[in-house]
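A short write-up of the structure that comes next.
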Amino acid sequence: MRLYEYEVKQIFAEKGIPVPRGIITSSPTEAAVFTKELNKPVLVKAQILVGGRGKAGGILAARTPEEAEEASKKLLSTKIKGLVVKKVLIEEMLPVMKEIYLSIALDTSKGKPVLLASSEGGIDIEKVAAKYPEKIVRREVDPLSSFELYEARKFLKKIGLTGTPLIKVAETLQRLYNIFEELDATIAEINPLIITPSGDVFAA
């Protein structure tokens with residue numbers, strides 16, 4: 001079963017993975033009210049079950065309540081890749097120092113989860129693999145044993161993380177792995193996981 005972004009982020013928040021403040025709505029007026037209360041720029045994100053949403057115009061930036069309302073109206077009155085947009089996620093725009101890619105996918109041929117991580121988050125991982133294969137690290141996990149925090153830290157050092165960001169991203173990866181197992185998923189992904197200038201991490 002595929003989940004919408006807002007549904008995934010609800011699960012993340014419940015399991016301790018930080019996410020930006022946001023609301024899900026089908027009302028442009030509600031989008032404006034939330035943006036005014038937040039008093040920060042936001043991203044207006046179409047909720048559809050298809051990849052490449054950003055390049056197709058499904059994510060718009062808004063710096064004022066009026067812009068958030070207009071962006072919501074625009075997305076809620078259009079189709080993206082043939083799909084009608086019925087809801088939008090209005091989400092706090094956070095400062096970004098670094099974007100990371102994290103995923104766990106089931107290798108069905110071996111029956112094992114495979115971790116992927118890259119220092120090049122925020123873009124299609126297929127493009128990273130084609131252009132910068134050396135920037136992706138991979139590791140199989142024994143499904144009969146737990147995935148420990150020290151293992152996550154050791155794995156993530158390979159993409160150049162150190163210090164506080166390493167600790168926080170490792171905690172996030174371990175929580176993502178736990179979600180993957182609990183939901184009996186075939187894939188769980190965060191793209192991007194952003195690191196802010198203050199060193200905090202968010203699944204954006």
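The values are calculated or read from the model by the stated rules, or taken from the named source; none is laboratory data. Treat the numbers as computed from the prediction; the structure is a model and nothing was measured. Glycine also receives a Cβ, built like all others from the backbone with ideal geometry; neighbour counts cover every protein chain displayed.
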Considering segment 164-181 alone, what residues qualify as being of a type outside the set (Ser, Thr, Tyr) and either under 11 Å from Ile11 (Cα atoms) or within 17 Å of the chain's Cα centre (by Cα) (or both)? Pro165, Lys168, Val169, Ala170, Glu171, Leu173, Gln174, Arg175, Leu176, Asn178, Ile179, Phe180
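So for segment 109-128 (the condition being over 28 Å from Lys55 (Cα atoms) and either outside any loop (DSSP other than H, G, I, E, B) or among the β-branched types (Val, Ile, Thr) (or both)), does at least one residue qualify? Working first, answer last.
Filtering segment 109-128 down to residues over 28 Å from Lys55 (Cα atoms) leaves 109-113.
Subsequent filtering for residues that are either outside any loop (DSSP other than H, G, I, E, B) or among the β-branched types (Val, Ile, Thr) (or both) retains 112-113.
The answer is yes; a qualifying residue exists.
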Selection count, segment 172-186, where residues are touching a Leu at 6+ places or on another chain (Cβ under 7 Å) and within 28 Å of Ile59 (Cα to Cα): 4
Would you tally the residues in segment 99-118 being over 12 Å from Thr186 (Cβ atoms) and either polar (S, T, N, Q) or buried (at least 22 other Cβ atoms within 10 Å of the Cβ) (or both)? 7
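Any idea which of Ala56, Ala31 is outside any strand (DSSP E or B), under 27 Å from Ala185 (Cβ atoms), in contact with a strand residue (DSSP E or B) (Cβ under 7 Å, 6 or more places away or on another chain) and not assigned by TED's automatic domain parsing to the domain that holds Val137? Steps first, answer last, please.
Details: Ala31 fails: under 27 Å from Ala185 (Cβ atoms).
None of the others qualify; the one that does is Ala56.
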Starting from residues that are buried (at least 19 other Cβ atoms within 10 Å of the Cβ) and among the β-branched types (Val, Ile, Thr), keep the ones in segment 159-173 and report whichever is nearest to Asp200 (Cα to Cα). Val169
Count, please, the residues in segment 82-98 that happen to be surrounded by 12 or more Cβ atoms within 10 Å (Cβ to Cβ) and modelled with pLDDT under 95. 1
